[in-house]
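Here the structure is laid out as structure tokens; the discussion comes afterwards.
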Amino acid sequence: MRLGGAYPGGVIDDIKKRALHRTAIVEGQVRGLAKMIENEDYCMDIIAQSRAIQKALASLDKLLVENHLRTHVAHMFEHGGPEREQAVAELLKAFDFEGR
């Protein structure tokens with residue numbers, strides 16, 4: 001069972017604003033990366049740009065996890081039962097920690 005969409009707590013406005021800003025930055029970085037490849041720029045410069053994109057996406061993930069913990073997971077833990085286990089399972093799956 002996946003609890004998605006409209007959910008008690010929703011998205012925290014500040015986190016939403018920051019996440020959208022970061023996605024815009026990543027979008028620009030990806031366009032720049034494509035141009036670098038197209039222009040056959042120096043490989044190490046392309047790799048540096050790719051790494052910067054990966055770091056920006058990791059930063060976005062942190063924001064999204066923060067929102068998820070403060071809203072959805074908090075709600076699931078308040079209600080106890082199987083929803084608690086679902087919250088833990090979803091986070092473990094998101095970070096490839098399942099079955100460990």
Note on region 53-89: residues acidic (Asp, Glu) and farther than 24 Å from Lys17 by Cβ are Glu78, Glu83, Glu85
Considering region 40-56, residues that are surrounded by 14 or more Cβ atoms within 10 Å (Cβ to Cβ) and within 11 Å of Val26 (Cα to Cα), and then whichever is farthest from the chain's Cα centre (by Cα), we arrive at Gln49
Tell me yes or no: at least one residue of region 89-99 is surrounded by 15 or more Cβ atoms within 10 Å (Cβ to Cβ), among the acidic types (Asp, Glu) and modelled with pLDDT under 95.
yes
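The values are calculated or read from the model by the stated rules, or taken from the named source; none is laboratory data. Everything numeric in this text was worked out from a predicted model, so none of it was measured. As a convention, Cβ positions derive from the backbone with ideal geometry for all residues, glycine included, and neighbour counts pool all protein chains shown.
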